[in-house]
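Colleague: This structure is in C-alpha coordinates; I'll ask about it shortly.
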Amino acid sequence: MPEIQEEELVFQFPEHWQVEKYDAWSFYRNQFQKCCGSCKAVDFVAVCSSRREFWLVEVKDYRQHRRTKPIDLAEEIACKVRDSLAGVAAARFRANADGEKHFARTALQGRTIRVALHLEQPRTHSKLFPRAIAPANVLHKLKALVKPIDPHPVVVERGDCDTRAGWQVRSAGD
(Lines give C-alpha, C1' and ligand atoms only; values in the text may rest on other atoms or scores of the structure.)
Protein backbone atom coordinates (compact mmCIF):
# COMPACT_ATOMS: atom_id res chain seq x y z
CA MET A 1 0.00 0.00 0.00
CA PRO A 2 1.67 3.28 -1.12
CA GLU A 3 2.19 5.84 1.65
CA ILE A 4 3.30 9.45 1.70
CA GLN A 5 3.94 11.63 4.73
CA GLU A 6 3.20 15.33 4.49
CA GLU A 7 3.71 17.42 7.58
CA GLU A 8 2.22 15.42 10.49
CA LEU A 9 -0.11 13.37 8.29
CA VAL A 10 0.43 10.00 6.63
CA PHE A 11 -1.59 9.34 3.47
CA GLN A 12 -2.28 5.69 2.62
CA PHE A 13 -3.40 4.72 -0.87
CA PRO A 14 -4.83 1.50 -2.28
CA GLU A 15 -2.47 -0.77 -4.20
CA HIS A 16 -3.57 0.39 -7.65
CA TRP A 17 -2.42 3.97 -6.95
CA GLN A 18 0.95 5.55 -7.77
CA VAL A 19 1.90 8.52 -5.60
CA GLU A 20 4.84 10.93 -5.68
CA LYS A 21 5.82 14.02 -3.71
CA TYR A 22 5.85 16.42 -6.64
CA ASP A 23 7.42 19.26 -4.67
CA ALA A 24 10.40 16.95 -4.02
CA TRP A 25 10.95 15.96 -7.68
CA SER A 26 14.41 16.87 -8.90
CA PHE A 27 12.79 18.17 -12.11
CA TYR A 28 10.67 20.60 -10.12
CA ARG A 29 13.44 21.67 -7.74
CA ASN A 30 16.31 21.92 -10.24
CA GLN A 31 14.65 22.77 -13.54
CA PHE A 32 11.08 23.98 -13.31
CA GLN A 33 10.75 25.90 -10.04
CA LYS A 34 12.37 29.06 -11.42
CA CYS A 35 10.57 28.83 -14.79
CA CYS A 36 8.85 32.11 -15.78
CA GLY A 37 10.11 33.80 -12.63
CA SER A 38 8.81 31.28 -10.13
CA CYS A 39 6.45 28.33 -9.98
CA LYS A 40 4.64 26.81 -7.03
CA ALA A 41 3.98 23.12 -6.45
CA VAL A 42 1.27 20.99 -4.90
CA ASP A 43 2.47 18.63 -2.21
CA PHE A 44 1.90 15.42 -4.11
CA VAL A 45 0.53 13.96 -7.28
CA ALA A 46 -1.23 10.62 -7.59
CA VAL A 47 -2.56 8.37 -10.31
CA CYS A 48 -5.48 6.03 -9.72
CA SER A 49 -4.95 3.52 -12.51
CA SER A 50 -8.31 1.77 -12.07
CA ARG A 51 -10.23 5.01 -12.69
CA ARG A 52 -7.53 6.61 -14.87
CA GLU A 53 -7.52 9.73 -12.69
CA PHE A 54 -4.61 12.09 -12.17
CA TRP A 55 -4.81 13.85 -8.78
CA LEU A 56 -3.07 17.08 -7.73
CA VAL A 57 -3.19 17.24 -3.92
CA GLU A 58 -2.32 20.10 -1.59
CA VAL A 59 -2.16 19.57 2.18
CA LYS A 60 -2.83 22.31 4.71
CA ASP A 61 -2.63 21.39 8.38
CA TYR A 62 -3.71 24.21 10.69
CA ARG A 63 -4.14 22.14 13.84
CA GLN A 64 -1.00 23.55 15.44
CA HIS A 65 -0.44 26.86 13.63
CA ARG A 66 -2.97 29.25 12.16
CA ARG A 67 -2.85 30.42 8.57
CA THR A 68 -0.85 33.63 8.27
CA LYS A 69 -0.47 34.07 4.49
CA PRO A 70 -2.32 37.08 3.12
CA ILE A 71 -3.31 35.36 -0.13
CA ASP A 72 -6.74 33.72 -0.22
CA LEU A 73 -6.46 29.96 0.36
CA ALA A 74 -8.41 28.97 -2.76
CA GLU A 75 -6.33 31.32 -4.92
CA GLU A 76 -3.12 29.84 -3.48
CA ILE A 77 -4.28 26.30 -4.28
CA ALA A 78 -5.41 27.27 -7.79
CA CYS A 79 -1.98 28.77 -8.57
CA LYS A 80 -0.22 25.66 -7.26
CA VAL A 81 -2.50 23.44 -9.35
CA ARG A 82 -1.85 25.49 -12.51
CA ASP A 83 1.91 25.54 -11.99
CA SER A 84 2.09 21.85 -11.04
CA LEU A 85 0.06 20.78 -14.05
CA ALA A 86 2.41 22.75 -16.31
CA GLY A 87 5.39 21.23 -14.50
CA VAL A 88 4.17 17.66 -14.90
CA ALA A 89 3.52 18.29 -18.60
CA ALA A 90 7.04 19.66 -19.02
CA ALA A 91 8.52 16.78 -17.00
CA ARG A 92 7.03 14.32 -19.48
CA PHE A 93 9.50 15.67 -22.05
CA ARG A 94 12.34 17.25 -20.09
CA ALA A 95 12.79 15.45 -16.77
CA ASN A 96 16.24 13.93 -16.31
CA ALA A 97 15.06 11.27 -13.87
CA ASP A 98 13.42 8.38 -15.72
CA GLY A 99 10.99 7.70 -12.86
CA GLU A 100 9.69 11.28 -12.93
CA LYS A 101 9.38 11.23 -16.71
CA HIS A 102 7.52 7.91 -16.60
CA PHE A 103 5.15 9.11 -13.85
CA ALA A 104 4.38 12.29 -15.82
CA ARG A 105 3.65 10.24 -18.94
CA THR A 106 1.34 7.92 -17.00
CA ALA A 107 -0.44 10.82 -15.29
CA LEU A 108 -1.10 12.64 -18.54
CA GLN A 109 -2.57 9.53 -20.17
CA GLY A 110 -5.44 9.52 -17.68
CA ARG A 111 -9.04 10.30 -18.55
CA THR A 112 -9.48 13.07 -16.00
CA ILE A 113 -7.62 15.46 -13.73
CA ARG A 114 -8.76 15.80 -10.12
CA VAL A 115 -7.88 18.49 -7.58
CA ALA A 116 -7.94 17.94 -3.81
CA LEU A 117 -7.24 20.17 -0.86
CA HIS A 118 -6.68 18.21 2.33
CA LEU A 119 -7.55 20.73 5.05
CA GLU A 120 -6.99 19.92 8.71
CA GLN A 121 -8.16 22.30 11.41
CA PRO A 122 -8.65 22.00 15.15
CA ARG A 123 -11.69 19.81 15.90
CA THR A 124 -12.75 22.02 18.76
CA HIS A 125 -12.92 25.76 18.72
CA SER A 126 -10.60 27.60 21.03
CA LYS A 127 -9.45 31.18 21.24
CA LEU A 128 -5.91 30.10 20.40
CA PHE A 129 -6.80 27.81 17.47
CA PRO A 130 -10.28 28.58 16.13
CA ARG A 131 -11.72 26.71 13.18
CA ALA A 132 -11.35 29.83 11.09
CA ILE A 133 -11.56 28.43 7.56
CA ALA A 134 -14.96 27.35 6.28
CA PRO A 135 -14.30 24.36 3.97
CA ALA A 136 -17.52 25.03 2.02
CA ASN A 137 -16.41 28.59 1.23
CA VAL A 138 -12.97 27.43 0.09
CA LEU A 139 -14.57 24.73 -2.06
CA HIS A 140 -16.98 27.19 -3.67
CA LYS A 141 -14.17 29.54 -4.68
CA LEU A 142 -11.85 26.70 -5.69
CA LYS A 143 -14.55 25.30 -7.99
CA ALA A 144 -14.77 28.61 -9.80
CA LEU A 145 -10.99 28.95 -10.10
CA VAL A 146 -10.10 25.44 -11.31
CA LYS A 147 -13.27 24.62 -13.25
CA PRO A 148 -11.43 24.17 -16.60
CA ILE A 149 -9.10 21.67 -14.91
CA ASP A 150 -11.52 19.93 -12.54
CA PRO A 151 -15.16 21.05 -12.31
CA HIS A 152 -15.56 18.98 -9.13
CA PRO A 153 -12.55 19.57 -6.84
CA VAL A 154 -12.76 18.30 -3.28
CA VAL A 155 -11.88 19.75 0.09
CA VAL A 156 -11.41 16.88 2.51
CA GLU A 157 -10.15 16.10 6.00
CA ARG A 158 -9.20 12.87 7.75
CA GLY A 159 -12.79 11.88 8.48
CA ASP A 160 -14.07 11.96 4.90
CA CYS A 161 -11.17 11.57 2.48
CA ASP A 162 -11.62 7.80 2.13
CA THR A 163 -15.11 8.15 0.66
CA ARG A 164 -14.61 11.45 -1.18
CA ALA A 165 -11.11 10.99 -2.58
CA GLY A 166 -10.11 7.34 -2.27
CA TRP A 167 -7.29 7.35 0.27
CA GLN A 168 -6.96 7.23 4.06
CA VAL A 169 -5.10 9.59 6.36
CA ARG A 170 -3.75 9.18 9.86
CA SER A 171 -1.58 11.28 12.13
CA ALA A 172 2.13 10.49 11.91
CA GLY A 173 2.17 9.59 15.61
CA ASP A 174 -0.58 6.94 15.31
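The values are calculated or read from the model by the stated rules, or taken from the named source; none is laboratory data. Not measured: the values here are computed from a predicted model. The accessibility values were calculated without ligands, DNA or RNA, using every heavy atom of the protein model including side chains. Shrake-Rupley method; radii C 1.70, N 1.55, O 1.52, S 1.80 Å.
Colleague: Short version: ³J(HN,Hα) in whole Hz for each residue of the stretch 26-40, in order, from phi by Karplus 6.51 cos²θ - 1.76 cosθ + 1.60 (θ = phi - 60°), x for Gly and Pro, what are they?
Modeller: With coefficients 6.51, -1.76 and 1.60, one gets 5, 4, 5, 5, 9, 10, 9, 4, 9, 4, 6, x, 5, 10, 9 Hz.
Colleague: Determine which lysines satisfy two conditions relative to Lys40: a Cα distance under 23 Å, and not lying fewer than 8 residues away in the same chain.
Modeller: Lys21, Lys60, Lys69, Lys80, Lys101, Lys141, Lys143, Lys147
Colleague: Return the long-range amide H neighbours of Asp61 (sequence gap of 5 or more, or a different chain), with a cut-off of under 5 Å between placed amide H atoms.
Modeller: Those qualifying (amide H under 5 Å, at least 5 residues apart or on another chain) are Glu120.
Colleague: Ok, one more. Under a straight-distance cross-link criterion of Cα-Cα below 19 Å, which aspartates and glutamates are reachable from Lys34, leaving out those fewer than 8 residues away in the same chain?
Modeller: Leaving aside aspartates and glutamates fewer than 8 places away in the same chain, those within reach of Lys34 are Asp23, Asp43, Glu76, Asp83, Glu100.
Colleague: Now for a separate question. For Leu9, which sequence-distant residues (separation of 5 or more, or a different chain) have an amide H within less than 5 Å of its own amide H, given hydrogens modelled in the peptide plane?
Modeller: Here Ala172 satisfy the definition.
Colleague: Here are a few candidate values for P(r) over Cα pairs in 10 Å bins from 0, in percent: (i) 10, 38, 37, 13, 1; (ii) 9, 31, 29, 18, 9, 3, 0; (iii) 8, 15, 14, 12, 11, 11, 9, 7, 6, 5, 1. Which one was actually calculated from the structure I just gave you?
Modeller: From the options (i) 10, 38, 37, 13, 1; (ii) 9, 31, 29, 18, 9, 3, 0; (iii) 8, 15, 14, 12, 11, 11, 9, 7, 6, 5, 1, the structure gives (i).
Colleague: Now for a different question. Can you give me the % of accessible surface on the stretch 1-139 that is carbon or sulfur? Probe 1.4 Å, all protein chains present, nothing else counted.
Modeller: Summing carbon and sulfur atoms, their accessible area is 51 percent of the total for the stretch 1-139.
Colleague: Starting from the amide H of Val156, placed 1.01 Å from N in the peptide plane, find each other amide H under 5 Å away whose residue is 5 or more places distant or on another chain.
Modeller: Leu117, His118, Leu119
Colleague: Taking the solvent-accessible surface of protein heavy atoms with a 1.4 Å probe, what is the per residue accessible area of the chain in Å²?
Modeller: Each residue of the chain exposes 53 Å² on average to a 1.4 Å probe.
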